[in-house]
Amino acid sequence: METAMALLDAHPLRHLCASDGKRVLVLRGEATLGQTLKLLAQHAVLAAPVVDDECNEDGSVHFYSDQWPRGEPFPNVVGFVSANDILGGCLLEVQEALTHAKTAEDNAQTMKMLELHVPSVENRKLRDLPGMNDGDFLFAAEIQRTLLDVVQNSFLRPRHLHLDDPPMLDTRRPKGTSSTSCYKEDVSRYIHRMAILDEDDRICDVVSVSDVVAFLLAHMRELGALAYMQVGDLGLGLDKDVFTIKANEPSITAFAGMYERGLSSAAVLSSITGIMIGNISLSDLRCLDLGQFGRLALPVSDFILYTESVRSSLQDVARSRIRDSKGRRFLRRPRLVTCTPAATFEEVLQLLVQHSVHRVYVIDDLSLPIGVITPTDILQLLAGSRVR
């Protein structure tokens, strides 16, 4: 792995940043969970920075960072809200329905129980949501840090949780002061993105673990023999159990299982044959209209079909005006992306980047999942923690 570490050590973080910055979606603390999910879906992101700022005269609960007036103090950033944070907020409200869903044979009663919680779930404000810590914030000068430093000391640094109330990350803290100095450690999770602050403390860019993976693929020829090493030999994604759910189980049990395990997805198995037929993830949760919260009682297979229809309705909007940071259209659901233990390191990176996905399932000869590879797994491998 020395070649990969040398490559990362030779390039600064600024090589992953847009030269003229990016248009970054920023949410106000007054946004409700229902509004937040819709905005995340419309912009094809799993998380967005949140600021402690009142709504403006038109009542807008969001803005774009590049539209903030220069010279005017940028609102205090309180964290990154993610689809996982919203999921946690929803689950806290519906424990009775969740318990019922795990044992009931008829989903109708579960759906009625979930629908009773629509007002409290849909209208809950982000400012009342704990957590919101799946991201960090760097000053503009810090983009000179090497990618190796960023990987080892930011992306692979265990996420921290505030000791008391939801965290307040003061973007105007003195340079050199850690944004996590008063947080306690949650060793099971890592951050997936970092916002870059310019000289005026405006958010001018967001860099994610997927951006690092795309960088590695672009420099694959510099990785030497690593590019041709096989998943099985590297043990990549094979040292953890894959969370699976049957297609006929209620969707809420799938999402609850993800949350309890600190995961973002579950492999969907046929209730008849047991082979893997799909994937359900937090990306699907973005498509849920919280006004129809009862849809979480649907079987996983039906919920996936529902999200397909939502993506189709949003596709016209995406086609006309919204693209991701690389100029790609995004709402089309990717097919199930898999590989075998014989796949090479380069092939896995190609799958992650070309399909714009956050995981590649490793399957055996019977199409059963035996592992799953995420961008964080890639970074952990290169940082040395998974070398066998």
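Summary table
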| item | result |
| --- | --- |
| Amide hydrogen neighbours beyond the local backbone of residue 206, cut-off 5 Å, H modeled | 196 |
| ³J(HN,Hα) computed for each position of the stretch 288-293 - Karplus, 6.51 cos²θ - 1.76 cosθ + 1.60, integer Hz, glycine/proline x | 7, 7, 5, x, 10, 4 |
| Sequence-distant residues sharing a close amide H with residue 137 (under 5 Å, placed H) | 195 |
| By average C-beta atoms within 10 angstrom, highest first, the peptides 260-267, 357-364 | 357-364, 260-267 |
| Placed amide H near residue 156: partners under 5 Å, 5+ positions off or other chain | none |
| In sequence order, calculated HN-Hα J values of the stretch 338-343 (Karplus, 6.51, -1.76, 1.60; Hz; x Gly/Pro) | 9, 8, 10, x, 7, 5 |
| Centre separation in Å (Cα based) which lies between the stretch 278-303 and the stretch 103-156 | 16 |
| Loop-located GluC sites (Glu not before Pro) in the stretch 65-150 whose Cβ has at most 12 other Cβ within 10 Å (DSSP) | 105 |
| Difference of contour (0.36 nm per residue) and Cα-Cα distance, residue 309 to residue 108 | 70.2 nm |
| Calculated FRET value between residue 229 and residue 144, using beta carbons and R₀ = 25 Å, to 0.05 | 0.20 |
| Vicinal HN-Hα couplings computed from phi for the stretch 6-20 (Karplus, 6.51 cos²θ - 1.76 cosθ + 1.60; Hz; Gly/Pro x) | 5, 4, 5, 6, 8, 10, x, 4, 4, 5, 9, 8, 5, 4, 10 |
| In Å², nearest 10: area of residue 222 left accessible to a 1.4 Å probe | 100 |
| Accessible-area ranking of 365, 53, largest first, probe 1.4 Å | 365, 53 |
| Spacing of the two label points (7 Å from each Cα toward its C-beta) at residue 340 and residue 70, in nm | 5.7 |
| Candidates per trypsin sites (Lys or Arg not before Pro) in the stretch 60-135, loop by DSSP, up to 15 other Cβ within 10 Å | 70 |
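The values are calculated or read from the model by the stated rules, or taken from the named source; none is laboratory data. This structure is a prediction, so every number in the text was calculated from the model and none was measured. Cβ coordinates were reconstructed from backbone atoms using ideal geometry, including for glycine residues, and neighbour counts include every protein chain displayed. Note: areas computed on protein heavy atoms with side chains; ligands, DNA, RNA excluded. Shrake-Rupley method; radii C 1.70, N 1.55, O 1.52, S 1.80 Å.
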